[in-house]
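Structure record follows, encoded as structure tokens.
The values are calculated or read from the model by the stated rules, or taken from the named source; none is laboratory data. Source: prediction; values computed, not measured. Neighbour counts run over all protein chains shown; Cβ positions are idealised from the backbone, glycine included. Areas reflect the complete protein model, heavy atoms only, side chains present, ligands, DNA and RNA absent. Shrake-Rupley method; radii C 1.70, N 1.55, O 1.52, S 1.80 Å.
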Amino acid sequence: MTIQHFPDIHQIQFAGNGSANPLSFHQYDRNENVEGRSMRDHLRFAACYWHTMRNGLADPFGAPTAQMPWDDGSHSIDNAKRRADAFFEFLEKCQIDFWCFHDRDLAPEGASIAESEQNLDALVNHVSALQQRTGVKLLWGTANLFSHPRYMHGAATGPSTNSFLFAAAQVRKALEVTLALKGESYVFWGGREGYTTLLNTDLAREREHLARFLHLAADHAQQVGFKGALLIEPKPHEPSTHQYDSDAEATLNFLREFGLFGKFKLNIETNHATLAGHSMEHELSVAIAAKSLGSIDANMGTPGLGWDTDRFPTDLYLTTHIMLAVLGMGGFSGGGLNFDAKRRRESCEPIDLFYAHIAGMDAFAFGLKAAARIRCDGRFARFIQERYSSWSTPIGIEIASGKRTLAQCAQMATQLTDSIPASGRQEMLEALLNEIILSQRSM
Ligand code: XLS
Ligand code: NI
Ligand code: NI
């Protein structure tokens, strides 16, 4: 590496829980074995290009604060390449194995589709070499179909065919570029695929157009030989007032309604789950129950703030619940933990990028170990198994497998002595969760 963009920072190393060095990992020891796999293989951390490299940390009331000495603020290809160099240096120094990007984060939009594609190609060649040099891999790519004014009414769901066609051009290219960079998945987040008022909106038609668009994209992915997963990222609102893919259940229903189930899986983001009024573990459980969890956007909201604050995930209960779900489904295949997270506006120095990602990685390493302890302990699994034990009796098995009619069930009810069900023991279980999370006992 010729020029260093973070010259004062060496590669972050695992130093252990007692270390006083904030530029070290306290929990994340990438080679540590948990349930037969390295932490690195379990967690599959990714950093995102949009927040890490392109977010100046402006808010609706104030100017950008992030110091980015590698960025001259121009829309030149040279500047875009220098940013990519800084990013890959950051990834390597922070021990992050994957990355994610939008087409427009990586390369500037040109005056025509052809020019935009040329710009993107220049950057794809550049990052392809960076991937090769560092061993960092692409978790997923996506197209930004929400920033440009042409998409203000929607992209696939815009009232004019123009936005649909422009979006098709972008997705075609972004899919091909993701394939060229050996991306493991491709994500669709429909920030503008929703509406603001029904006074100007044909909701039924817009949902059909969205489904048509996704069919075309899936067909194209197949034609060009993209073998990775296609993922939809639900979010209830922001920037749209109502987004069609509002949560995991709604998105799965949409997929089933339009013959897309099985072609798409879900990318679940914590802050989107909470904006939808759910917990992250609820959204993950819904996706996993439908065998449709593809990947995770790892961040968290701020309780009491009703928007996507995209904080770095540092809540140990949250990370424990997430890793419990991931271990429960047998681990990621193709997906990972993408830090779709930004520093607070006040955390404006380049070194804060390191502190922020270290905080998230250590929190997830802790969550992984705590989840493994919970599974090894076995008391939650036994409690749940016991709670449903009547379904393992002959009667339970016959009902569940469809061998009994409603009338037969009603008849059986008349033979029962009515009884008060056993306690759900929520508080006892919450205390048990605390006990296991807080125990530092090693595996
Ligand atoms: C916005 C979304 C977005 C997607 C990628 O809220 O999280 O960043 O992850 O388009
Ligand atoms: Ni996201
Ligand atoms: Ni988000």
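Points worth noting:
- Taking all protein chains as shown and a probe of 1.4 angstrom, residue 142 keeps an accessible surface of around 10 Å².
- Karplus (6.51, -1.76, 1.60) ³J(HN,Hα), θ = phi - 60°, over the stretch 251-257, in Hz, Gly and Pro reported as x: 5, 5, 5, 4, 4, 5, 4
- Residue among 80, 63, 11 farthest towards the positive dipole end of the stretch 1-102, charges placed on Cβ: 80
- Highest-fluctuation residue, 69, 108, 234 considered, GNM on the chain with Cα pairs under 10 Å: 69
- Qualifying chymotrypsin sites (Phe, Trp or Tyr not before Pro) for the stretch 37-117 [loop in DSSP, other Cβ within 10 Å: at most 14]: 61
- Apportionment of accessible area to carbon and sulfur, the stretch 366-412, percent (1.4 Å): 61
- For the chain, the relative contact order is 15 percent, taking Cα pairs closer than 8 Å that sit 6 or more residues apart in sequence and dividing their mean separation by the residue count.
- With 0.36 nm allotted per residue and the present C-alpha distance subtracted, the residue 352-residue 65 stretch has 102.1 nm of extension available.
- Shape metrics for the stretch 21-131, restricted to C-alpha atoms - Rg then Dmax, Å: 16.8, 52
- Probing with 1.4 Å while keeping every protein chain in the model, the per residue accessible area of the chain equals 48 Å².
- Of all accessible heavy-atom area on the stretch 215-287, the percent that carbon and sulfur account for (1.4 Å): 50
- Counting only alpha carbon atoms, the long axis of helix 426-438 and the longest principal axis of the chain meet at about 50°.
- When the listed pairs 137/291; 235/291; 93/263 are checked against a 27 Å cut-off, the alpha-carbon distance exceeds it for 93/263.
- Exposed-site-free run, longest, the chain (rule: GluC sites (Glu not before Pro); DSSP loop; at most 14 other C-beta within 10 Å): 36-345
- The chain: radius of gyration over Cα atoms, expressed as a fraction of 2.2 N^0.38 Å: 1.06
- For residue 347, solvent-accessible area (1.4 Å; no DNA, RNA or ligand), Å²: 40
- Whole-Å distance, taken between Cα centres, linking the stretch 212-288 and the stretch 118-170: 18
- Given charges at beta-carbon only (K, R positive; D, E negative), |dipole| of the chain in Debye: 980
- Separation between Cα centres of the stretch 338-387 and the stretch 1-59, rounded to whole Å: 13
- Split the accessible area of the stretch 88-206 by element, probe 1.4 Å, and carbon with sulfur accounts for 55%.
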